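Below you'll find the structure, written out as structure tokens, and then a few comments.
The values are calculated or read from the model by the stated rules, or taken from the named source; none is laboratory data. Everything numeric in this text was worked out from a predicted model, so none of it was measured. FYI the Cβ positions are ideal-geometry reconstructions off the backbone, even for glycines, and counts take in every protein chain you see.
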């Protein structure tokens with residue numbers, strides 16, 4: 001990409017003075033969800049530090065997704081009966097302002113190459129953030145965490161010497177992490193609550209992504225089905241308010257029957273919660289993977305969709321409330337998909353960046369295909385009432401890559417910084 005000239009455009013000069021230029025707005029009601037709306041504006045505004053942005057938000061009766069916003073004026077959570085998830089990924093040892101919330105989710109590529117010094121830098125930043133619950137996974141750049149692979153391949157990546165993995169794992173799982181409420185997941189799940197008497201959530205995290213030049217946590221596509229078959233359906237469990245579970249119970253649960261190609265030395269001993277969780281109904285689910293599913297925020301600058309076909313095929317079975325990924329920086333975005341009822345099939349959306357789940361098709365890039373019902377991802381269909389909407393399962397799909405890439409990495413003459421407009425933390429509010 002050619003670098004724009006250094007001279008400021010008239011729009012940039014106007015933003016610096018007026019801080020807001022309104023050029024229009026579009027507000028759309030999804031045809032399948034009477035009360036589900038995607039607000040996409042062409043209102044060009046400026047953040048407190050002068051960076052231009054256009055507010056973008058997806059709203060349904062059970063979810064609100066803030067994609068682009070001024071951090072100084074982010075709307076509050078709808079009510080105490082909601083939980084705010086702040087989603088980031090692909091930070092690569094960088095730090096930037098992150099909005100407060102109940103839960104911080106990081107979907108991998110914490111570092112550039114997994115060295116101890118890089119992990120120290122990243123973890124110092126994460127420990128300092130105010131979120132009571134912080135859940136992270138690795139990505140293909142976090143080389144040392146794929147311990148079996150790193151033992152064999154370290155000389156190709158760290159020519160000055162093999163990194164000691166023990167102090168890295170101590171950073172991720174030791175006393176400082178526990179004090180900060182931080183949990184590292186590696187093909188395992190975690191159970192937590194964010195408030196007394198509130199919903200109990202559980203998250204399943206997996207670092208794997210399809211083969212990419214022989215990095216860590218890579219799998220060949222023919223092995224994808226065996227990998228995703230291990231992903232549990234009941235990785236978010238609803239606990240009634242009368243449950244005896246204490247505030248923020250911790251349960252690190254590896255898959256009971258792992259595939260031999262995708263196993264690790266356990267990082268945590270199993271810690272069982274004080275309630276028979278396995279007998280509870282499998283209600284909402286939440287999943288972190290580093291690599292995205294096929295055709296969902298996975299398109300590269302070359303126009304290739306590089307997500308995992310096996311993961312996509314399993315999603316109609318898993319139906320998580322929130323699926324967070326990253327990996328493809330230029331594909332950062334979000335969409336909400338409402339699943340058809342049991343027995344109606346499991347059609348899944350195809351959505352890419354730029355349009356943030358807008359199916360209007362007025363862009364030469366992005367857009368939604370074959371979506372079925374969904375907020376910001378809807379095809380035609382019957383109109384339903386709010387009571388029916390609340391009974392239907394929804395998944396919020398997010399690619400939360402923070403590394404600015406692709407055509408949205410520039411705003412006029414401004415190079416978007418890490419975590420800047422268009423690459424901010426994606427804020428997802430879910431109704432308990």
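Okay, here's what the table says:
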quantity	calculated
Test for residue 119: is it outside any loop (DSSP other than H, G, I, E, B) and either within 21 Å of the chain's Cα centre (by Cα) or modelled with pLDDT under 95 (or both)	yes
Tally of residues being part of a loop (DSSP other than H, G, I, E, B) and either surrounded by fewer than 17 Cβ atoms within 10 Å (Cβ to Cβ) or at pLDDT 95 or above (or both) across region 122-138	4
Wholly within region 274-365, strands (runs of 3 or more DSSP E) carrying at least 2 residues that are under 23 Å from residue 61 (Cα atoms) and at pLDDT 80 or above	322-325, 333-338
Residue check for residue 74: farther than 23 Å from residue 330 by Cα and out of contact with any helix residue (DSSP H, G or I) (no Cβ under 8 Å at 6 or more places or on another chain)	yes
Of all residues making up region 99-121, the number that are closer than 22 Å to residue 421 by Cβ and crowded, with 24+ Cβ neighbours inside 10 Å	6
Some residue of region 100-116 being part of a helix (DSSP H, G or I) and under 19 Å from the mean Cα position of the chain (by Cα)	no
Residue identified as free of Cβ contacts under 8 Å to residues at least 60 places away in the same chain and crowded, with 17+ Cβ neighbours inside 10 Å among 220, 154, 146, 141	154
Qualifying residue in region 418-426 (condition: under 12 Å from the mean Cα position of the chain (by Cα), assigned to a strand (DSSP E or B) and either at pLDDT 90 or above or within 23 Å of residue 318 (Cα to Cα) (or both))	yes
Residue in region 69-77 that is at pLDDT 90 or above, under 19 Å from the mean Cα position of the chain (by Cα) and part of a strand (DSSP E or B) present	no
Unique match (being within 20 Å of residue 227 (Cα to Cα) and more than 20 Å from the chain's Cα centre (by Cα)) among 149, 157	149
